[in-house]
Each structure stands twice: as structure tokens, then as C-alpha cells.
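The values are calculated or read from the model by the stated rules, or taken from the named source; none is laboratory data. What you are looking at is a predicted structure, and each value in this text was computed from that prediction instead of being measured. Every residue, glycine among them, receives a Cβ derived from its backbone with ideal geometry; neighbour counts consider all protein chains shown. Ligands, DNA and RNA are excluded from the accessible area calculation, which covers all protein heavy atoms including side chains. Shrake-Rupley method; radii C 1.70, N 1.55, O 1.52, S 1.80 Å.
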Amino acid sequence: MKRTLLIAFLSILLVGAIIYRPDDAFQASLQGLTIWWNIVFPGLLPFLALLELMLAFGGVHFLGTLLNPLMRRLFRLPG
């Protein structure tokens, strides 16, 4: 109950801050999007593209089949 009230209070406080200073909030959101577009997205793009290629050509299934005995012993996972 206390956690829910705290989250509600912080949410209302955040909305109030955005309403009080909308220009600063807009500039901050633009900076966050710029950082994401220039740093995060280019850093993740090769991994996401490689993952999609591995899924499309069955590489993930092959690795799962190849590593099945190891995973059974280490993590006690079923096949």
C-alpha cells in the first residue's frame, strides 16, 4: 500500500514538473532521444541484425541442438 502511494505521489510530482516547466522537459526529452539515436541504437544495431539473421537461417536452433548436452549438465534444463 505504501509503495503504491509513493509511486502515485512521484508520478503526480513528475506530471506537475512537466506542466510547470514544459520547455525544459521538451529539451530534456530531445536530448534523451538524441543520445539514444546516436549512441544506443548504433551500438545495438549489429547485434540485432546478427540475431535476426541467425533466427532466419536456423543458427539459433543449430546452437541449441549443439549445446543441449552441456546445458543439461550445467543448468539442469530439459532439451
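Counting 0.36 nm for each residue step from residue 37 to residue 11 and taking away their Cα separation leaves a gain of 6.7 nm. Restricting the stretch 20-79 to trypsin sites (Lys or Arg not before Pro) that sit in a DSSP loop and have at most 11 other Cβ atoms within 10 Å of their own Cβ leaves 76. Can you tell me the 0 to 90 degree angle between the C-alpha axis of helix 22-35 and the longest principal axis of the chain, rounded to 10? Rounded to the nearest ten degrees, it is 20.
Taking the protein heavy atoms of the chain in the context of the full set of protein chains, the accessible area attributed to carbon and sulfur is 75 percent at 1.4 Å. Solvent-accessible area per residue in the chain equals 94 Å², computed with a 1.4 angstrom probe and all protein chains kept. For the stretch 50-67, backbone phi angles converted through the Karplus equation (6.51, -1.76, 1.60; θ = phi - 60°) give residue-by-residue couplings of 5, 4, 5, 5, 5, 5, 5, 9, x, x, 5, 5, 4, 5, x, 5, 5, 8 Hz, Gly and Pro being listed as x. The solvent-accessible area of residue 12, taken with every protein chain present and a 1.4 Å probe, is close to 120 Å². Only one of (1) 21, 16, 11; (2) 44, 24, 8; (3) 27, 13, 9 was calculated from the structure for semi-axes √(5λ) of the Cα gyration tensor in Å, and its label is (2).
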